[in-house]
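As structure tokens, the structure follows; a few thoughts come after it.
Computed from the coordinates by the stated procedures, all read-outs in this text should not be read as laboratory data. All figures in this text were calculated on a predicted structure; none of them were measured in a lab. Backbone-built Cβ (ideal geometry, glycine too); neighbour counts: all protein chains shown.
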Amino acid sequence: MFALAVKQLNQTCLILRNPSYYHSVFHKFSNNERSQESTHATWQYLASRGTRLNPCNSPLHPAVDAGLPLDPAINELSVQEAYTPGSMCFGCGPAHPDGLHLSSKRIKNGLEAHLSIPSKYCAFPGIVNGGIVSTIIDCHGNWSAAIALMDKSCLPKPPLTLTASIFVSFKEPTPPDTPLLVRSTIISIKDSTQPGVSKPSVEVDIAVYAKSSDGPDKLLAHGTVMCKRQGALRAI
């Protein structure tokens, strides 16, 4: 398993650092001008080189639109499980022994997660600490930005993105041990070719709801996150 992971990493690094790859595929089309046909060709090119694509096995990965099949033998994975299974991030790291274990999956133009927050993270009886809710919004927004940049640039793995700013508005107290829904929507993507933009950035809208079985979900918190790309690989 380790040897396979190293092989896949080497393939990814080779593609990311190979100038001929960018010249043959990316140089012909700017991010704003790349047609659907050329995008499909890029995903097909990556697949032809043996690059592992869509480890989430999500039907919403753009490579699926390009004709790459899903694996019928496995269920869809979260982006955290698929791309950073060894992450120790408190908010979204699958390997953290006592983390929140945010598990985000693709939806159209964003990500969605379902979770509940243990009562040990309450600031007051029956009310989850606001910093914990903000952590969920931060992690979910950051992953949404990374996936959006990956899809836009036709990359095999999401790039490293860091949160540049975050604004959170609390609408209602968040209860512990309650099913929550976290949903993001990509607002805008700015690349470094635009005037005044030094690094690619993504603005993300995030909402946290208390799920309801007999009525509309209740909005608990709303956030806006701005993330900037910092590196080629999110994790090794």
If I take R0 = 35 Å and measure r between the Cβ atoms of D177 and V64 in this structure, what FRET efficiency does the formula 1/(1 + (r/R0)^6) give, to the nearest 0.05? 0.45
Around I187, which amide H atoms from residues at least 5 apart in sequence, or from another chain, sit under 5 Å from its own amide H, with H modelled in the peptide plane? E203, V204, D205
Determine ³J(HN,Hα), in whole Hz, for all residues of segment 67-81 in sequence, where each value follows from phi through the Karplus function 6.51 cos²θ - 1.76 cosθ + 1.60 and θ = phi - 60°; x replaces Gly and Pro. x, 7, x, 7, 8, x, 7, 10, 7, 5, 9, 6, 5, 5, 5
Cut-off under 16 Å on the C-alpha distance; same-chain residues fewer than 8 positions from K171 excluded. Which aspartates and glutamates are left, in chain and number order? D205, D217
Under the rule of at least 5 residues apart or a separate chain, name every residue whose amide H is placed under 5 Å from the amide H of V128. A123, T174
Residues whose modelled amide H sits under 5 Å from the amide H of S87, counting only those 5 or more places away in sequence or on another chain, are A95
For segment 139-151, Karplus couplings with θ = phi - 60° (6.51, -1.76, 1.60), whole Hz, Gly/Pro x: 5, 5, x, 5, 5, 4, 5, 5, 5, 5, 5, 4, 5
Using θ = phi - 60° and Karplus 6.51 cos²θ - 1.76 cosθ + 1.60, couplings along segment 107-123 (whole Hz; Gly, Pro as x): 10, 5, 6, x, 10, 9, 9, 10, 7, 9, 9, x, 5, 5, 9, 7, 7
By a straight-distance test (C-alpha under 25 Å), which lysines pair with K157 as possible cross-link partners, with residues fewer than eight away in the same chain excluded? K7, K28, K105, K108, K190, K199, K228
